[in-house]
Amino acid sequence: MTAKFLSLFIPVFILMDFIGTIPVFISLTKKFGRRDHIRIAFSSSIIAGSIVLVFSVLGQEIMNYFYISIVAVKVGGGLLLLYIAFQMILSGQLNYEEHAPESRRSIIVSPLAIPMLAGPGSMTFGMISYLKLHGAEKFYLIAAVISAVIAGALLLSVSSLIDRILGQEFTKGLEKIMAIVVSFISLEMIMSGV
């Protein structure tokens with residue numbers, strides 16, 4: 001029971017990339033007050049979680065509409081995840097500071113909720129996991145996404161404190177470790193689709 005939940009929660013949390021979003025979040029919200037940081041963190045996380053949940057549940061119907069097989073989704077999604085993992089490993093910190101929008105609303109949906117948190121990786125993983133689960137097991141995925149959203153929103157809420165205490169190098173290093181885990185998940189998806 002706990003193992004099933006954790007096997008869904010950990011990949012969802014990693015793929016939603018809350019840790020990798022910390023430097024971007026800090027850069028985009030540095031002009032806002034503490035309350036705004038919390039509002040932005042929770043709003044963007046809830047929107048992203050909603051998108052992941054909707055795609056998890058309705059993804060197969062969307063794929064059927066476009067005549068896309070689940071094997072194609074597994075292989076294509078796995079390749080996409082592998083690409084994302086390589087980007088996470090090889091890229092430097094993104095600099096959103098120059099393009100920082102003035103209003104709180106303008107950053108909640110984009111770039112924070114989409115594509116930073118609800119990207120193709122988390123949506124594909126959610127859909128494939130939902131299809132693999134049977135009956136009441138599907139609620140584990142819903143609980144995992146909701147838990148990841150809450151944990152991620154709390155993490156983003158205290159991101160400036162984390163940055164001050166541990167530094168940007170720690171955050172970057174943690175993102176690289178998460179990227180390696182994402183690469184393992186992607187290879188598993190590819191192999192199960194072949």
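The values are calculated or read from the model by the stated rules, or taken from the named source; none is laboratory data. What you see is a predicted model, and the numbers here were worked out from it, not measured in a lab. Cβ atoms come from the backbone with ideal geometry, glycine included; neighbour counts cover every protein chain shown. Only protein heavy atoms, including side chains, enter the accessible area calculation; ligands, DNA and RNA are left aside. Shrake-Rupley method; radii C 1.70, N 1.55, O 1.52, S 1.80 Å.
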Ranked output for segments 67-77, 29-39 by mean other Cβ atoms within 10 Å, highest leading, reads 67-77, 29-39
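For the chain, what is Rg from Cα atoms divided by 2.2 N^0.38 Å, rounded to two decimals? Before the final figure, lay out each step's value.
Working: Rg = 16.6 Å, N = 194, 2.2 N^0.38 = 16.3 Å.
Taking the Cα Rg and dividing by 2.2 N^0.38 Å, one obtains 1.02.
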Out of Val109, Gly121, Met189 - ranked by how far each Cα lies towards the positive end of the dipole of the chain, with unit charges on the beta-carbon of charged residues - the top one is Val109
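Which whole-number value in Å² is the accessible area per residue of the chain, probe 1.4 Å? Intermediate results must be reported in sequence, preceding the final value.
Working: 10120 Å² over 194 residues.
Result: 52 Å² per residue.
If you stretched the chain out fully between Ile38 and Met1, how much longer would it get, using 0.36 nm times the residue separation minus the C-alpha to C-alpha distance? Display every interim value, and only then the final one.
Details: separation 37, 0.36 × 37 = 13.32 nm, distance 3.19 nm.
Gain on extension, Ile38 to Met1, equals 10.1 nm.
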Among Gly59, Gly76, Ile46, the residue whose Cα sits farthest towards the positive end of the charge dipole of the chain (+1 at Cβ of Lys and Arg, -1 at Cβ of Asp and Glu, taken about the Cα centre) is Ile46
Computed over the chain, the relative contact order (Cα-Cα under 8 Å, seq sep at least six) in percent reads 49
To the nearest 10 degrees, the tilt of helix 70-90 (Cα long axis) against the first principal axis of the alpha carbons of the chain is 30
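Work out the length of the dipole vector of the chain about its Cα centre, built from +1 on the beta-carbon of each Lys and Arg and -1 on the beta-carbon of each Asp and Glu, and round it to the nearest 20 debye. Write down the numbers at each step before the final one.
Values: 14 positive and 11 negative charges, 76 e Å.
Computed about the Cα centre, the dipole is about 360 debye.
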